[in-house]
Structures are given as structure tokens and as C-alpha cells.
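The structure appears right after this line, and notes come after that.
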Amino acid sequence: MEIYPTPPKWAETLIARLAPDHLAEEIKGDLYEMFLYDAKRLKASSARRRYSWRVIGFLAKAFFWKRPTYQIHHMTGSYFKMAKRSLLANKGTTAINVLGLVIGIASALAIISIVRFELSFDTFHTGYKNIYRMVRVSGDDLSEFRTGIPYAIPPAMKDISSIRKMTKLEYLGGTNVDILSADGKFERTFVEEGGVVTVEPEFFDVFDFADSPIKWISGDPKTSLSEPSSLVITSAIAKKYFGEANPIGQTLRFHKAFDFKITGVIEDFPSNTDFPFRLLVSYSSMPLIFKERMSDWVSVNDGHSIYVVLQDGVKVKDVEDQMAKLHAANVGKDLSTYRHYLLQPLSEVHFDPSFGTFSKRTITHNTIFALELIALCLLVVGCINYVNLSTAQSTLRSKEIGMRKIMGSSQKNLVIQVLAETLIIVLIAAMAALALVALSMPSLTSMLGLQVKINFFDPFLWITLSTIIATMTICAGLYPAMLISRFNPITAIKNQFNTGRIVGVSLRKFLVVIQFTATQVLAVATFIVVAQMEFFKNVDMGFDRNAVVVSIRLLNSDPSLLNSFETELRRLPFVENVAKSFTLPSGVDRNRSSRNIGKPDANDVQDYQNYEYSAVDEHFLDLYGIKLIAGRNLTPADSSRNILVNETLMKNLGYNHPPDIVGAELKIGGGEMVHVVGVINDYYGNSLKERVDNIALDASIDRFRQVSVRLDLASGQRMADALTKLERQWKLIYPEHAFQFRFMDDNIAMFYEQELKYSRLFQIFSAMFVLIGCLGLYGLITFIANKKGKEIAVRKTLGASVGNIIMMFSREYVALIAVSFALAVPIARYGVNEWLTNFKNHVEVQWWLFAVPGVMVLALALAVVSMKSFNAAMANPVDKLRTE
Amino acid sequence: MAGRIYLGELEELMLLMVALIGANAYGVSITQELEAQTGRVITISAAHAALHRLEEKGFVKSSMGGASTERGGRRKRLFQLTAYGRQALQELRNVRNAIWAQLPGI
């Protein structure tokens, strides 16, 4: 036998790989034939060369690359056509599937947008990972978390070389703004609830908003904020105060006391920053406001914050050590061991509720995680519905599948067929979900107080959506597809087979259990969250919170004006009582001052108690229903020398019985002595998330800043009328002051705003879970009732009652839901306990808090099951049995 | 004349070769026959491309057959003139003849 040379391997492989299937054989054949012909005549090497050239010749031909596409097109079209037919044939199931997926996808999209917004806070500053906020942690148990830094500390920190940049700012919160005319006369007044801050020019150096830098409409960061008494406003404020007029050079008076000249206008700050500033005063004005306190190492204002940028590669701990050394060198030993200054990364600021932010919004990583988990579970639950319904339905399709297999459909074809159906459903659902989210997002975000928008041009949205579509198609479609394609055609045609089984338990039951476990965990959690909110709303705070009390903020404590205002108020028929005080017993945005108090022999910091001191008049206790436990009430004759203390302060000072402390002399931090005239019951000055503070009250008239008015509205009298009358009196006495008032109950409710918002979100999403779960059950039961139609008919003819038949259907699902409840309780219990530890005062976790939502879900599921099985049971057996 | 016939010069030659060879017309044999008859050498890939075009236009039809060891056991694609192809050749010839007849003897 002759030994022939072989053609070059690479050229052979090239042809084998690239040639279209239907041409490969003849091309390879012809090439080989010509090669052999060459090989007999020529040298092996030139035969091989010619072979290679011919191969390359083929590669250069257009026909070689043309693929007969008609075949694939044909099948793709057919997949979708078949999918459309089968989906339309089962409209009910399709609708349930789509609905379940719409809810899942819409919720997931909403949650992803919210989470993405929360995670974006202040991440746009250049090198934000290297920016730190200086914080103050103090107390023997390090339980007090504040951001205020004494004024003297930052200038001294200039010597710490690891600090590359530093910027000081004091957030002043809200203020009263008067607009002055050119000759310095009062023109009009505005009340700002927040956004007033003093900043250094360096602020815009540290926080550069690099994504979309804040534009300076007039002025510039270097000069506009350098001079004392200069002010930069945002364009929103400029528009509000001056309309289209030029604000530059105008003078604004804050709080009736401090004048600032407008030197710049900037764009509004973005919504995802924790620096929501609108009126920026130059930091160099600080000495005008705070005077000698600027050199104080000890006393603090909580709004005075320091941000630093560290040198690259510097250890935070080292800088903190240097700060501690600096602190220890300038204050007494007691204070330096009691108070610690630390650095918190800017990337943690938005997620740490213990220090808070200027935007008053924080969200813990736990909450974000919980939200993400909910989104994931909603998607999973939607998929489970799909898997359940389509595997159940596959029994109906067994004949179709068997037929397809006999006609030569491969397993691959069938998998693609089922996946195509899933893809269509998921696509429809995704588009509907997108529309739903776009429509509902505005109401959702206004409920949450967020500014999240669905932007259809955001590539992230489409990436997320396609990822969800792809994942859901695979997750929901793959198992049914594998299951269906694996049918043995013979048994399939004979309609005898079971759906998949997992260790003896039917897969569907297993999935129903998972679904309802998730539902019940959220139902229980939501129920407890709501119970906690109710607890906040109704618990006894130590004073009468149900009375209708309007509190009015004073800008001027001039006693004679105040007295005439009080007299005028008391003349109004609906005013039950009037009290003047430094601050309110509770609520947000309360003025608060604290000092130290101890027994006369106190010397060390440890001997003193930190307490909140307020000034009240003789009507205060009465108006708020605060009880006097021992001693007497304050009278106008009492000065700041005589005080009332609360029970907590009394106990902390070492007295056990209220009468014992009455008459006692106490020493205040500065050395001044005070005299205790009475003891009042404890009331919550803070939210119930915290404990009761030490409180002492005196009668210093010049410190009054609030007027509380208790209303007693006769039937038929409108609140709005009463308020108008109050305002009219106010304007008579204080013509230049804005009438700022709040209702007591609103003020207290604002403590729990954040919790309330998220509790509403939880309620919405647990409703979604229940809805998807019930939809799925409904679909399953409908299917089973149809399939068991004959069985029911036979049972009925043999004497089963409607009740028996409903029982037959329900029994299984009651058992399944009971199992999922048993699984849900420990999970929910763990989560709820974690959450409740955030609050000093919380509801007792009792069995009924779990039982009630559990029974509710069970009842709902049972209602769905029995409704459908009742229909089945009521059907006339003849209709079912007639056709055999 | 039933419509115009689009047939390139090489295509026409290839078509004639298919008709000439008859039963064993495939890529290699057609190339060899073309070279033998006209002295024209074309690459095998060009032959395949032309035969494809002819098949697309409906002048030839093909079937697989005739595996042999000298092809490494691979089958040939055997081409065969269709009725349309035969008619096309005939018509082209008629047109030419008619034109030749009108030429004053060269």
C-alpha cells in the first residue's frame, strides 16, 4: 500500500471548523482529491503548499461564509408561536404567573432604586474614602455619641501632619430670616426649618461634589466665604427671597440679631448628600456669634463638626492617638478619660444612626440588607409560583410533549420551547413592572421622604432589568423545562407520570412551604413593627400627651411683651391654659442645655451628674399633667436658685425617697449652689428609643423660649379658626416675628418618622408577599380542582358532602402553612429581637404577636382554597361524569 | 423568449462542462475538464463558487454521491443540468447563431 503525504494539519482544521455543515464534505473531499493528485506529481511540500492556498481561496469566497439561516429562523419563530398559543390556551394561569412576577419585579426594582439612592450618599466627592468626620464618644460606658467638637480643638490640630486638609463647619439648623431694606429696615420675614450652616472656603475643597460640581452663579468659593458676616445662598433660596431680583449685596438678619451680607449664589445641593445646606455663612463670622466660647476646650455645640482628609496611607488610629494627646494636654484628666475624639469615615456617616446626619436621615446596613433580602424573596416567591404552576400544568401538556417527541423533537428543542414561554411571560411581566414602578414611585418616595426617580435613560436600570429577566427566566423556566423535556413519550401519551419528587415530599409542597415561610416571616415582622409603632404612640411618657397643645416659638424673651401675650391668650375662650418655658417636655428640635450637678461636696467629674436644665413657669406642670411627687411647685418669685428635679436625677444623686431631697442644697458644675423645692415624676424628654434623662427645672424668666397653649375646643369650633386667632394675637404683640407653632402630638410623632416610614414600607411589601402567595395558591387549587373533577364527582355521588370535599382540599394546605409557620417563627423572632434592641423601651415579644399574623395568613390562604374548592364541590357531578 | 437569462461567461462555460461530463460532474472533474477543453485554469474554490451560483439560479441541481478512497472517504456533490439550464444554454446558442447569421461574413 502506498503511503501518501498528508495535507497540512492547520489548513484541514481550518476548513473543518469554518466550512458550513452542508458544504464541508464536498469541499474537504475535493481538496483531498486534488492534494493526492498533486502529491503523485509534485514534491510533498509543494503539494501541501498548494493545498493551503486552495484552502485560503475558499476562505476568500463569499459563498463559503454564507450560512443557510432559514432553518434557525424557522425554529425561533416556531418556538415563539407555540409559546404564544400555549400561553393563550391557559389564560388564567398565564395571568396569575404574570401578576406574581410583576409584583416581584416591580418591588425589586423599587427596592433596588431606593437602596442605590441610599448607597450613593456623598460618594461623589473626590477621595471620599479618605475623608473622615471627627466624632465625640463619651461616658463611662462610652454610650454617648455626638459630633460636636469644642471650638478650640480644630485650630490646635493644625500641627498634626497626617491631616492633609481640614474643614470646620457649624450646622445651625433652622433660623428666622428677616430681609432688610437698603436702609436697614425690616421688610419681610421667612422661617427656615434647616439648612443654615457656617462653613469655611475649604469646605468646597474637601467636599467637591466631583460628579456634578456645584456651580457658582455669582461669587466664588475663595473670596465669598472668607470675610466675616458674608453669606452664600442657594439659587432656590434666592428665588424664594428675592424672585428674579439680584440678591448680591442684600442684607439678611438671622434670629433678629445677626446681620449677613449676601456675597454669592450657588446651585442647589444634590438630594443625595448629608450636607443639605442652603444658607452658608462664612465661618469667620463665628466669633461674632459665639464670642469667648471660641477658645473653649470643653463646652460644645452639637452642630460644630470637623471633617478631615488624611494623607494617603496614614493609620486612623495614629491620628486618633495624636488627637487624644492634644486633648489630654489641654483639659483636666477627668474629662480626657471621660471624653474621646475619634474619626469616622465619611462612607459610614450615612449608615450610622448613633451620630446622626445634617439631613436627619440615616439608614443602617441592616435595614439595607433587610430591604435587599425582601427584594430577593419577592423575586424568588414569584419564581416559585411560576415553577409550581408550570410543573402542575405539565401534566396537562404531557400529550403535547409526547407527540412532539414522537415527531422527532429533541430534548434540546423542548427545553428551548419551555424557556421561550418563560421568557415571554417574564418579558411581559418586566415591562408591566417597569410601568408600575414608574407610576408608583412618586407616591412611594414622597411617603418615604426620598427623592428617588426612575430614569428611563439610566443604563443601570436596563442592566438591572435585563439581569432580572435573564435570571428569572433561567430560575423559573429551567426546572419545568428539564422536567417536561425528560418525559418518556410512551408514558406521556398515556398520561401516567408524576412531577418531580424531593425525598418523598412533592417538590410543589416543598416550594409552597418556602413561599409561605417567607410570607409569614415578613407578616410577623411587620405586625411586630406596627405593634412597636402603636406602643410609641400610646405609651405613657410621663406627661399628658393627648391634650391639644400648640407650642409657639419665641425669638424674644422680653418678660413684659411675653406677659401681655399671655394675658391676651388667656382671654380667648378656647384657651384652657398657657405655660411659658425654655423648652418643651418632649419632641424633636427641642432646645436643650445641659450642665453638671452634684452634692455640695462634689469635686471630680465622677461626682457630678450631667442633667438637662430648663426654665418653666408655675403653669407648666399643670398644663402638661406632670405630677409633683414631693415638695412644692415653682412660683414666679422663685429665681434660678430654686429647682425641681425629676425622680431619675434624684436617684442618681443618691436619694431614695422624694421627701428626703426636698430642701437639699446642691452644687452646680460652676460652683453655684441651688436649692431643691420639689420632685416631679419622670417623663421622656427624648424619644422612647432612649432612656429618661436627668432633668431639673428652675424659674428663670429670661430664659423662656416657648409658649405652650392648651386648647379646649368646644364642639363645632374648628382648629383652623383657633389657630388664626392665636396668630392674630401674636401679630399684635410681635409684628415682626413669624408665627411658628407645632402641635405637641406631631412633634412627638416626628421622633419616630424614620421608623414609621420604614414600617409603612414593610407593610406594603408584606402585603405583596401575601398577594403573591395567595395568587399561587389560587392557581394551584384551580388546577387541582379541574384535574380532580371526576374524583369529586364520584365522591359526591357516593355521598360526600360539600364540607367533606372542601376539607379534602384544605387539609393539605393547612398542614403546609402550619409547617411554614413553624419555620417562620424562629426566623422572625431572631430578626425582630435584633430590631427591638435599637429601642430602650419596646413591646414585650409575646406569643400572640406571632399567632395573630400567622392565623391571619392561614385564614387568608384558607379563604382562597375554600372559595375555589367550594366551586368545585358545588359542580353537578353529572357534568363531569357524562363524558368518559 | 421567456425572460432574459443572466449567465456570466465563466458560468456559461461551467454549465457547458456539466452538460459535457454528464454523470460524474463535480468540482474537481469540472475544473479538469475546463482546463482540458479551453486551457483555462481556475482554482477549485472559484469553481465551487460558480457552481453554487448556478445552483442558486436554478441552472443545475446537485446530489451527494460517489465516495472513494482517493477523497478520503468523502462523497462528491454531483451536478446535473436542469431543464431550465438546458433551455438557457439552448437559448444563448440560438441568440448567438442569429447574430452570427446577420454578420456579413468575417
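For the reader, a short list of remarks on this structure follows.
- Of all residues in region B:6-42 being within 18 Å of B:R74 (Cβ to Cβ) and buried (at least 17 other Cβ atoms within 10 Å of the Cβ), the one that is farthest from the other protein chains (Cβ to nearest Cβ): B:A25
- Residue satisfying all of: in region B:52-69; buried (at least 16 other Cβ atoms within 10 Å of the Cβ) and not hydroxyl-bearing (S, T, Y); nearest to the other protein chains (Cβ to nearest Cβ) among these: B:H52
- When region A:795-821 is filtered for residues that are under 16 Å from A:M867 (Cα atoms) and not in a helix (DSSP H, G or I), only A:S801 remains.
- Residue within region A:728-746 that is farther than 26 Å from A:L555 by Cα and either within 38 Å of the chain's Cα centre (by Cα) or outside any helix (DSSP H, G or I) (or both) present: no
- All positions within region A:591-606 that are modelled with pLDDT under 75 and charged (D, E, K, R): A:R592, A:D604
- Applying a threshold of 7 Å to beta carbon distances and a minimum spacing of six or more residues, or different chains, the list of pairs starting in region A:262-282 at a residue that is within 24 Å of A:A182 (Cβ to Cβ) and in the same structural domain as A:P247 (by TED's automatic domain parsing) and ending at one that is part of a loop (DSSP other than H, G, I, E, B) and of a type in the set (S, T, N, Q) reads A:I262/A:Q250; A:S282/A:S226.
- Residues that are assigned to a loop (DSSP other than H, G, I, E, B), within 29 Å of A:N301 (Cβ to Cβ) and without any contact (Cβ under 8 Å) to a residue 24 or more places away in the chain are absent from region A:572-587 altogether.
- Condition broken by B:L81, with the remaining ones in (1) of a type in the set (A, V, I, L, M, F, W, C); (2) touching a Gly at 6+ places or on another chain (Cβ under 8 Å); (3) more than 9 Å from every other protein chain (Cβ to nearest Cβ) satisfied: (2)
- Test: residue in region A:406-424 that is closer than 30 Å to A:E755 by Cα, in contact with a Leu (Cβ under 9 Å, 6 or more places away or on another chain) and buried (at least 17 other Cβ atoms within 10 Å of the Cβ): no
- Long-range neighbours under 8 Å by Cβ, at least six apart or interchain, first residue surrounded by fewer than 16 Cβ atoms within 10 Å (Cβ to Cβ) within region A:826-846, second basic (K, R): A:N838/A:K689; A:K840/A:K689; A:K840/A:R691; A:V845/A:R829
- Subset of region A:704-727 [over 38 Å from the mean Cα position of the chain (by Cα) and among the basic types (K, R)]: A:K725
- Within region A:21-51, being away from every other protein chain (no Cβ under 11 Å), surrounded by fewer than 16 Cβ atoms within 10 Å (Cβ to Cβ) and touching a residue at least 12 places away in the same chain (Cβ under 8 Å) holds for one residue alone: A:A44.
- Matching residues in region A:1-10 - criterion: being within 13 Å of chain B (Cβ to nearest Cβ) and either charged (D, E, K, R) or under 16 Å from A:K61 (Cα atoms) (or both): A:E2
- Residue count for region A:822-862 under the criterion of being in a loop (DSSP other than H, G, I, E, B) and either within 23 Å of the chain's Cα centre (by Cα) or not aliphatic (A, V, I, L, M) (or both): the result is 9.
- When the helices (runs of 4 or more DSSP H) confined to region A:133-236 are screened for residues that are charged (D, E, K, R), those reaching at least 1 such residues are found at A:203-206, A:221-224.
- For region A:619-636, the set of residues classified as in contact (Cβ under 8 Å) with a residue 60 or more places away in the chain and not hydroxyl-bearing (S, T, Y) consists of A:F620, A:L623, A:G625, A:I626, A:L634, A:P636, listed by residue number.
- Test set (1) touching a residue at least 40 places away in the same chain (Cβ under 8 Å); (2) at the interface with another protein chain (Cβ under 10 Å from one of its Cβ atoms); (3) not hydrophobic (A, V, I, L, M, F, W, C) - A:R54 fails condition number: (1)
- The C-beta contact set for region A:442-455 (first residue farther than 16 Å from A:T367 by Cβ, second residue at pLDDT 80 or above and not in a helix (DSSP H, G or I), distance under 6 angstrom, 6+ apart or interchain) comprises A:T445/A:V452; A:Q451/A:S271.
- Of all residues in region B:43-50, none are surrounded by fewer than 19 Cβ atoms within 10 Å (Cβ to Cβ), away from every other protein chain (no Cβ under 13 Å) and not aliphatic (A, V, I, L, M).
The values are calculated or read from the model by the stated rules, or taken from the named source; none is laboratory data. As the structure is a computational prediction, the values presented were derived from the model and not from experiment. Virtual Cβ from ideal backbone geometry, glycine too; neighbours counted across all protein chains shown.
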